[in-house]
Amino acid sequence: MTDNLKLQEICEKAILTAETIFKKKVDGVVGLSRNKEGWLVETEVCERRSIPDTQDILGRYEMRLDESGELLSLRRVMLRRRSDMEALEEEV
């Protein structure tokens, strides 16, 4: 199994877990990192749809998963409108 496949599998497990818990579709994975305990995955979920969609409310969730992809913890870290700009932290 390649590292890329493992990353894809962890993302898929995180999305499935979040959608099962929230009963809402995940907009996307916006962060992924690995540490000694397992994985940290950040997802965004549309909390409330609006017209126009730029006014949708998105929740950002931090999910900690063990090495096999089982959920250890979950917490909301942010709410924002889809149109709000974020300060981006880029790793070099």
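Every number here is computed from the coordinates shown, using simple stated rules; none is lab data. Note that this is a predicted model, so its numbers are computed, not measured. All Cβ positions, even for glycine, are placed from backbone atoms using ideal geometry, and neighbour counts span all protein chains on display.
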Review point. In nanometres, what is the gap between the two model label sites at GLU12 and ARG75, each 7 Å from Cα along Cα-to-Cβ?
Key: 3.0
Point to revise | Exposure proxy order (Cβ contacts within 10 Å, fewest to most) of ILE15, ILE51 | key: ILE51, ILE15
Exercise for review: Relative to the longest principal axis of the C-alpha atoms of the chain, give the angle of the C-alpha long axis of helix 3-22, reported between 0 and 90° and rounded to the nearest 10°.
Suggested key: 50
Check your understanding: How much length, in nm to one decimal, is gained on full extension between GLU62 and THR20, taken as 0.36 nm per residue of separation minus their Cα-Cα distance?
Key -> 13.6 nm
Point to revise | Where labels lie 7 Å past Cα in the beta-carbon direction, separation of VAL30 and GLU47 in nm | key: 1.2
Check your understanding: Can you put LYS36, LYS25 in order, fewest other beta carbons within 10 Å first?
Key -> LYS36, LYS25
Check your understanding: Considering every pair of different Cα atoms, what Kirkwood radius, in Å, is found for region 1-63?
Key -> 12.6
Revision key, fill the gap. When LYS6, LYS23, LYS13 are ranked with the fewest other C-beta atoms within 10 Å first, the list becomes LYS23, LYS6, LYS13
Point to revise | Residue-averaged [θ]222 nm for the chain, counting only DSSP H segments that reach four residues, each worth -39500 (n - 2.57) | key: -7500 deg cm²/dmol
Practice item. For the chain, please report how many Lys pairs fall under 21 Å Cα to Cα, leaving out neighbours fewer than 8 apart on the same chain. Key: 5
